[in-house]
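Bear in mind these aren't lab numbers, they're just calculated from the coordinates by the rules spelled out. Note that the coordinates shown come from a computational prediction; the quantities given were computed from them, not determined experimentally. Heads up, the Cβs are rebuilt from the backbone with ideal geometry, glycines too, and the neighbour counts pull from every protein chain shown.
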Amino acid sequence: MTVYTNPEVRHDFVLLFDVQDGNPNGDPDAGNLPRLDPETMQGLVTDVCLKRKIRDWVDMTRGSEANMKIYVQHHGILNAQHQQAYDAIGEKSTGSKQNREIVDKARQWMCQNFYDIRMFGAVMTTGVNCGQVRGPMQLTFARSIDPIVPLDISITRVAITRVEDAATGEQGEGGKVTEMGRKALVPYGLYLGYGFFNPYFAADTGVSTADLEVFWEALQRMWDVDRSASRGMMACRGLYIFSHASALGNAPADNLFKLITVKRRDGVKAARSFADYQVTINEEDLPPGVTLTRLVG
């Protein structure tokens, strides 16, 4: 077992990823434009977006394994997932007034069988009550290093939607021949996010060494199974894990994160690739009892 896959100690990590000519996380309240901090114009990618990619990768690569099912799925029905637990333990659901002991059994079954519940937690009190789980692995929003300038580009389609739109007048004129649309993208953005692993919560949900191995692998490889025309080119550019020698940790996470700095190289006015940035890691000031592992970068 490597130090960064030990579920009995604390881990804090830094994730770097970039996007080129794509939309890493559209905002439905803003016409699906890339998410922005309106004061700094830095791009944002939510923790929910990153967790979705992780879930999809685990489901695609390990979903056939009994204890690696995914709870929050596309087109999934949560109460149907909860009912599986009650069927497995041989109990009947009585809703919010369910016996506490039975809820605990159902909760334990859900943790054992669903990877994302073990790692991220879940509120499972919707009708068929399986309790609540506080997940040991938590992620922050990722924020671009520099301000971004989202582009909203017009696109055309040679096929039209409705039959009546193609109808022409008596002179054979007036029918539509194309449809117009919009596509939002970021020319280039390098994003930085943070994550935290709490071994006390991990002991409660049953996280194993294998679970952590899958998580670190997902952060590196999930981009390749999440391709779409709207996302452009996305890739993991850095994954740095600070592993502590104890469960409580040997240093504050914010102090550790300050050891990694990312800035645009001198003379670069508009970054258009990862090569336009410089990542500096100050390992000399690494506190006693903390090990830094560079999985990427």
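Here are a few things to note about the model shown:
- Legend: ranking of residues D21, D146 from fewest to most surrounding C-beta atoms inside 10 Å; resulting order D21, D146.
- Fewest-first sequence of L50, L259 by Cβ atoms within 10 Å of each Cβ: L259, L50
- Cα gyration tensor category, rounded, prolate or oblate, for the chain with a/c compared to 1.5: oblate
- Equivalent-ellipsoid semi-axes of the stretch 1-151, from the Cα gyration tensor, Å, largest first: 34, 19, 14
- Viscosity 1.306 mPa s, temperature 10 °C, Stokes-Einstein D of the stretch 21-90 from Kirkwood C-alpha radius, µm²/s: 107 µm²/s
- Distance from the C-alpha centroid of the stretch 224-271 to that of the stretch 91-150: 26 Å, rounded to the whole angstrom.
- Measuring nothing but how far apart in sequence close Cα pairs (under 8 Å, 6+ apart) lie, relative to its length, the chain scores a relative contact order of 30 percent.
- Cα shape, the stretch 55-95, gyration tensor, a/c 1.5 rule: oblate
- Subtracting the Cα-Cα distance of A229 and V72 from their residue separation scaled by 0.36 nm leaves 54.1 nm.
- Positive minus negative residues near M68 (Lys, Arg vs Asp, Glu; Cβ under 15 Å): -3
- For the stretch 61-133, dividing the convex hull volume of the Cα atoms by the residue count gives 81 Å³ per residue.
- Dipole of the chain [Lys/Arg +1, Asp/Glu -1 at C-beta], most positive-end residue of W216, M110, T293: M110
- Exposed-loop-free span, longest in the chain, where GluC sites (Glu not before Pro) count as exposed if DSSP calls them loop and at most 14 other C-beta atoms lie within 10 Å: 174-297
- Here the extension length gained between L151 and K92 equals 15.9 nm, from 0.36 nm per residue of separation less the Cα-Cα distance.
- The overall shape of the stretch 190-297, judged from the alpha-carbon gyration tensor, is oblate: a/c is not under 1.5, and a/b is no greater than b/c.
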